[in-house]
4 protein chains.
Amino acid sequence: MNGTIFRVGCNLTYEVAGPSAFIFNIGVVTNSLQRVLSEQFETAPVYQVQESLSKLEEKRHHRFSSGPGPLRVSYQATVELNHHLQKGDHVPETVPSGIPSQVIPYLYPSRYCESDMLVRLAQHEFGKLQHGFSRVTAICNWIHDNVEYLRGSTNPLTSAYDTATERAGVCRDFAHLAIAFCRAVLIPARFVAGYAYALQPPDFHAYFEAYLGGEWYIFDPTRLAPQTGFIRISTGRDAADTSFATIFGPATFSSMAVTTELLQGPAPSYTTDAISTSSPP
Amino acid sequence: MNGTIFRVGCNLTYEVAGPSAFIFNIGVVTNSLQRVLSEQFETAPVYQVQESLSKLEEKRHHRFSSGPGPLRVSYQATVELNHHLQKGDHVPETVPSGIPSQVIPYLYPSRYCESDMLVRLAQHEFGKLQHGFSRVTAICNWIHDNVEYLRGSTNPLTSAYDTATERAGVCRDFAHLAIAFCRAVLIPARFVAGYAYALQPPDFHAYFEAYLGGEWYIFDPTRLAPQTGFIRISTGRDAADTSFATIFGPATFSSMAVTTELLQGPAPSYTTDAISTSSPP
Amino acid sequence: MNGTIFRVGCNLTYEVAGPSAFIFNIGVVTNSLQRVLSEQFETAPVYQVQESLSKLEEKRHHRFSSGPGPLRVSYQATVELNHHLQKGDHVPETVPSGIPSQVIPYLYPSRYCESDMLVRLAQHEFGKLQHGFSRVTAICNWIHDNVEYLRGSTNPLTSAYDTATERAGVCRDFAHLAIAFCRAVLIPARFVAGYAYALQPPDFHAYFEAYLGGEWYIFDPTRLAPQTGFIRISTGRDAADTSFATIFGPATFSSMAVTTELLQGPAPSYTTDAISTSSPP
Amino acid sequence: MNGTIFRVGCNLTYEVAGPSAFIFNIGVVTNSLQRVLSEQFETAPVYQVQESLSKLEEKRHHRFSSGPGPLRVSYQATVELNHHLQKGDHVPETVPSGIPSQVIPYLYPSRYCESDMLVRLAQHEFGKLQHGFSRVTAICNWIHDNVEYLRGSTNPLTSAYDTATERAGVCRDFAHLAIAFCRAVLIPARFVAGYAYALQPPDFHAYFEAYLGGEWYIFDPTRLAPQTGFIRISTGRDAADTSFATIFGPATFSSMAVTTELLQGPAPSYTTDAISTSSPP
């Protein structure tokens, strides 16, 4: 690989009122198009952190137990990206009989992507469009045109069904609705959480992947940051699978700072090309 | 008045397992544009029926108590209609400060018309259209184009919020969604239940009224029967206000037959004119 | 009357960005148990305020149009209360056949009180309890025991169906759930907004009325203020009917201050008696 | 193994109006406690069936493409069961820090098990109970006591959130609610579809597993069939993961017959013991 190099990181602080267990999901994954060159996961005070190694491509878990008091968690990584771009015109949809068994679950409804409840709406809007990459682009355009990006308009319980009707949300809501629409027209789709270069204000970002022509391609209906600067943290059916922290115990979130810097290579840019950022299934 | 004359009626049968109280809401109301010439409300076996007289324009109640056994309720009426038609072009919306206090409640969300949850969708689709009669027509057209009329697709719990997303329903669902859209763009709207000439299969019908230019005008997004053949039974915020039977006790619905015949005058026809069928508020 | 005398009032401020129309619903109603001795409704700048006079018992509307700029609305009233108290033991439920036609609508589901969706839960918890005043008390106790009073846990879209499951809310949510439970076991119930002596922090309050033995009796599942200090502003099916301000135009709410003082008579106290505060229907 | 032997099977018929692709999820899985001795998966007309082999423990896929016409699918298997029973008293809950990474997803909300929306209800009812096997039993008892088993009361869109409030459902709804309650009190739980000996009328069955003391234990809040006669077909987060047929194309379901016979060994019986039927994670 000879790709673009980024430094990403986050600092999270908590007030812990009693013994608590933490699972963090903020480390960058390695796959055939993205490689961690170096990284550090630290806690203050220092706790012994256990890392789960399985299924690196989908997500990683950093786990530890904490005593009471203030807690700071910081993650820093240098990552090389080698996104594969191509013209979307040549990317077809996969016929159902060709969808691999491990991709089939991404056709089913999930907590925040109730595709089963949106079949008529999706069929009405997208059912008759030409199949292929351009149909997913049409779904993104519809969302961009019909849903307002509005901080504070939704909460952790908000789902695609709500957003289809209430027409406002943030990046996670945009991704959920796009995923639900894709599944409703029989295109497998999944949720991706990541770091995003040039996102303002800096934060974790949410986008999605659609399974087309035997590969997963990324899409972002928010258009808030250039897709070639997306560094993948985790992949799942929806945000329920990828929350950056799962906490067992009386801990209160205090603050968060997320950074994404370009170290080497061309500045990321917006594109309408098809971008594949994970290994084929 | 010198209008069109209809004979309407219905036969309802029940199996009653124990002492029950019934409130029927199937009698035609009299207002300045519709007049009951003669009518009969009968039960078999014969029970003493109490009729509420207040607010004749909105709805009537026929009430009685029944013992166990089979029950038949029949209503027949001869009604003269004098619908007032005019070109819709000249019908403006009423500015909010001009809406009478007794009409204000029809701006608020109700059980089946959650206009508060549909504001963004309604504003996006209808917010920038020219105000007036044509805007309500645009709402009806949108529903006709985007929602499938499909028997059995909904149930008594279905509301406008569901229909906005699930995109299928029957006449009551069409009316609920239209009402919710109207209220969401600040046009007072209410639900009407009635008899409808030439409706196939014969049944009670549901449509709605919007308050425009100081009058209530009827609309029907289903386009299933000509509007000049609609005979009003009751008016309310939504179907919760106008159910044809409210039953207290162990009674089971068995069968229903609804009839609407033209006795005298021109056959009702579809129109795109503005039709006012109730007295001004 | 020779009752307790209160001074109530509120100050509301808005930023108005362009021509707007306002309808306020903050004035105290007069009925056979509550009487306005004197009152003032003022705006700054001074606008001409139109007051709707009809149906004084249910609610009043103060309406005006405003130009751009800061707006202050203030209402002050001196009110005499003559609540009628009696032992609840002797208050029966009204059999369905005895419910007057004008009370029947309070048996139907409404926007925030989806009694139709809560029938099984309500029947399971309250269906077999002895009928009468004590059954409504049991509904209030269940809510007090099972739902947490938690500021900020709900929003204007929250309904009884949500609260039945999510188990947290504020006074309006408590009232909505109680009303839905009552209707689901065939007790007519309605929403009341009012001023409440000794409520901390001072605010408008929401409680409800159940129709029992031919009268409306008030109940408050929050237990946050003594019921004999409740001064009625408006009555409706639920909060959709009684919002204190309906605004047409680009106005933003800035601040609110509500006051309730005792001027003369005994201090209000908590009671488990049956309190009737409106005229019989 | 030297266990009980069952013959299970199903016959499914469809009318296929055009080229369609099918994925069936009706084959019995093999794990350390259940073993397929022999099996046949047949279609009429005969189509070439592709079987996915991965992750045998969770579920299997039989896939094929069909032309138009009537279609019959039949599956027959002979299965040996070796359920492991023990007293539940000694089965503790697993502390969060001890939950393996691959089990963590079963703590998250899913399409039909919105544990995030049921936290307060679950904590109120089950939060203070003694931790361990008996707490999951208490959840099952609550559901059995509060939810009515009623065919036809729910549909494929019904979720745990609905059932918590509407209080009626079938086996899948019972399992969904139990899973949601478990997750809401931090016990990992997952959905199991299977064949069930002595279930009346014969049908596929749905139950659930809770992760306790490092193992998955099965529970069935319906109490409709003895747990030692449950033969596992598939496991997932909820019914979205385990539907017995996924169909792409114009095929209509016609009929279904499911059979479960005891061939050898003791008749299954109801038990309050802890039953583990899958290999440890």
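Scanning the range D:189-203 for residues that are in contact with a strand residue (DSSP E or B) (Cβ under 6 Å, 6 or more places away or on another chain) and more than 17 Å from residue D:127 (Cβ to Cβ) yields D:190, D:191, D:192, D:193, D:194, D:195, D:196, D:197, D:199, D:202, D:203. Checking each residue in the range C:92-110 for being more than 7 Å from chain B (Cβ to nearest Cβ), of a type outside the set (Val, Ile, Thr) and buried (at least 16 other Cβ atoms within 10 Å of the Cβ) picks out C:93, C:106, C:107. The strands (runs of 3 or more DSSP E) found wholly in the range C:183-281 and carrying at least 3 residues that are among the polar types (S, T, N, Q) occupy C:251-264. Selection within the range A:229-246: residues that are at the interface with chain D (Cβ under 9 Å from one of its Cβ atoms) and surrounded by fewer than 23 Cβ atoms within 10 Å (Cβ to Cβ). The member of this set that is farthest from residue A:272 (Cα to Cα) is A:246. When the criteria are applied in full, residue B:166 meets the requirement of being out of contact with any strand residue (DSSP E or B) (no Cβ under 8 Å at 6 or more places or on another chain) and within 12 Å of chain A (Cβ to nearest Cβ). Take the residues of the range A:130-161 that are part of a helix (DSSP H, G or I) and of a type in the set (Val, Ile, Thr): which is farthest from residue A:212 (Cα to Cα)? Only one residue tops the list, namely A:143. Remark: pairs (first residue in the range B:81-102, farther than 21 Å from residue B:32 by Cα; second residue of a type in the set (Phe, Trp, Tyr); Cβ separation under 6 Å; 6+ apart in sequence or on different chains) = B:96/C:248.
What residue, of A:202, A:188, is surrounded by fewer than 23 Cβ atoms within 10 Å (Cβ to Cβ) and touching a residue at least 24 places away in the same chain (Cβ under 8 Å)? The match here is A:202. Can we say residue C:158 is of a type in the set (Ser, Thr, Tyr), over 21 Å from residue C:257 (Cα atoms) and surrounded by 24 or more Cβ atoms within 10 Å (Cβ to Cβ)? Judged against the criteria, residue C:158 is not a match. Among the residues of the range C:205-226, those that are farther than 17 Å from residue C:31 by Cα and without any contact (Cβ under 8 Å) to a residue 60 or more places away in the chain comprise C:205, C:206, C:207, C:225, C:226. Determine if the range B:81-95 includes at least one residue that is over 30 Å from residue B:269 (Cβ atoms) and assigned by TED's automatic domain parsing to the domain that holds residue B:238. Yes: the range B:81-95 contains one or more residues that are over 30 Å from residue B:269 (Cβ atoms) and assigned by TED's automatic domain parsing to the domain that holds residue B:238. Working only within the range D:8-29, note down all residues that are surrounded by fewer than 17 Cβ atoms within 10 Å (Cβ to Cβ) and away from chain A (no Cβ under 14 Å). Correct list: D:11, D:13, D:15, D:17. Within the range A:133-178, being more than 24 Å from residue A:243 (Cα to Cα) and among the hydrophobic types (A, V, I, L, M, F, W, C) holds for A:133, A:136, A:138, A:139, A:142. Scan the range A:247-270 for residues that are closer than 11 Å to residue A:196 by Cα and surrounded by fewer than 15 Cβ atoms within 10 Å (Cβ to Cβ) and the total you get is 2. Of the strands (runs of 3 or more DSSP E) that lie entirely inside the range A:10-95, those containing 3 or more residues that are of a type in the set (Gly, Ala, Ser) and modelled with pLDDT of 95 or more span A:69-81. Restricting attention to the range B:111-134, the residues being more than 9 Å from every other protein chain (Cβ to nearest Cβ) and in contact with a strand residue (DSSP E or B) (Cβ under 7 Å, 6 or more places away or on another chain) number 3.
In the range C:116-145, the residues that are among the basic types (Lys, Arg) form Cβ pairs under 8 Å with partners that are not in a loop (DSSP other than H, G, I, E, B), at six or more places apart or across chains, as follows: C:120/D:148; C:120/D:166; C:120/D:168; C:135/C:93; C:135/C:126.
The condition of being in contact (Cβ under 8 Å) with a residue 12 or more places away in the chain and farther than 22 Å from residue C:96 by Cα holds for only one of B:14, B:106, B:47, that being B:106. Filtering D:52, D:38, D:74 for residues that are among the small types (Gly, Ala, Ser) and either within 14 Å of chain A (Cβ to nearest Cβ) or in contact with a Pro (Cβ under 9 Å, 6 or more places away or on another chain) (or both) leaves a single hit, D:52. Scanning the range B:102-129 for residues that are under 22 Å from the mean Cα position of the chain (by Cα) and part of a loop (DSSP other than H, G, I, E, B) turns up B:102, B:103, B:108, B:109, B:111, B:112, B:114, B:118. Per this entry, residue A:134 is not counted among residues that are small (Gly, Ala, Ser) and either within 16 Å of residue B:121 (Cα to Cα) or at pLDDT below 95 (or both).
The values are calculated or read from the model by the stated rules, or taken from the named source; none is laboratory data. From a predicted model like this one, the values you see are computed outputs, not experimental measurements. Counting neighbours? That spans all protein chains shown, and the Cβs are built from the backbone with ideal geometry, glycine included.
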